[in-house]
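Enquirer: Structure in structure tokens, see below.
The values are calculated or read from the model by the stated rules, or taken from the named source; none is laboratory data. What you are looking at is a predicted structure, and each value in this text was computed from that prediction instead of being measured. Here the Cβ positions follow ideal geometry from the backbone for every residue, glycine too, while neighbour counts run over all protein chains shown. The area values use the complete protein model at the heavy-atom level, side chains included, leaving out ligands, DNA and RNA. Shrake-Rupley method; radii C 1.70, N 1.55, O 1.52, S 1.80 Å.
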Amino acid sequence: MSPATVAWIYLCIAGLLEVGWAVGMKLSEGFKKTEIAVPTVLAMILSFYFLSIALRTLPLGTSYAIWTGIGAIGTLAVSMIWFDEPFGWLRVMFATMAIAGLAGLKATSGH
């Protein structure tokens, strides 16, 4: 596997961990539930760690946009599925547009 491919994998892991810590913050009720707060903080640290590894190879702007995009879209999906956040076709359409934007950033990154 090329270094760029490995960096993209690390970036995706970092984004998924961002979803985990965002959900963990909600479930920990302001870090009051220690049994949830501890893994949430661990997910935060690991998310930043994997992002930092990906940044060794990938461009900063692209990486940060994709990291936050994975976190935002993933958290939106989890929220609609598990936290009864409103679901609507317009919301799905805009989320799909965001995903298309992230794919475009990756495709034009040169890596």
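Enquirer: Length gain on complete extension for the stretch ARG91 to THR68, per 0.36 nm per residue less the alpha carbon to alpha carbon distance?
Expert: So the chain would gain 6.5 nm between ARG91 and THR68.
Enquirer: Out of the chymotrypsin sites (Phe, Trp or Tyr not before Pro) in the stretch 76-111, which ones are loop residues according to DSSP with at most 14 other C-beta atoms within 10 Å?
Expert: In loop regions of the stretch 76-111 (DSSP not H, G, I, E or B), the sparsely surrounded chymotrypsin sites (Phe, Trp or Tyr not before Pro) are PHE83, PHE87.
Enquirer: Run the accessible area of the stretch 57-111 with a 1.4 Å probe and give the carbon-and-sulfur part as a rounded percent.
Expert: 75
Enquirer: If you don't mind, another one. How much net charge surrounds ALA98 when only other residues with a Cβ under 14 Å from its Cβ are counted (Lys, Arg +1; Asp, Glu -1)?
Expert: In short, +2.
Enquirer: Another question, then. Give, to the nearest whole percent, the P(r) tail of the stretch 71-111 beyond 16 angstrom, counting all Cα pairs.
Expert: Roughly 42 percent, once rounded to a whole number.
Enquirer: Residue separation times 0.36 nm, minus the C-alpha to C-alpha distance between ILE81 and THR108: what's the value?
Expert: Length gained, ILE81 through THR108: 6.5 nm.
Enquirer: Still on this structure, I have one more. If you average the sequence gap of Cα pairs under 8 Å that are 6 or more apart and divide by the length of the chain, what percent do you get for the contact order?
Expert: RCO, the chain: 33 percent.
Enquirer: Could you give the DSSP H helices of the chain that reach 27 angstrom or more along their long axis (alpha carbon positions) and whose average Kyte-Doolittle hydropathy is no lower than 1.0?
Expert: In the chain, the long hydrophobic H runs are 3-27, 34-54, 60-82.
Enquirer: Considering only C-alpha atoms, what is the centroid distance from the stretch 71-111 to the stretch 43-67, in Å?
Expert: Each part's Cα centre sits 18 Å from the other's.
Enquirer: Which of the following values of volume of the Cα convex hull per residue in Å³ was calculated from the structure shown: (i) 102; (ii) 126; (iii) 87?
Expert: Label of the calculated value: (i).
Enquirer: Which of ALA37, THR96, LEU76 sits closest to the plus end of the dipole of the chain, meaning its Cα is farthest towards the positive end, when Lys and Arg get +1 and Asp and Glu get -1 on the C-beta?
Expert: So the residue furthest toward the plus end is THR96.
Enquirer: Can you sort TYR10, TYR49 by 1.4 Å-probe accessible area, starting with the largest?
Expert: Largest accessible area first, the residues go TYR49, TYR10.
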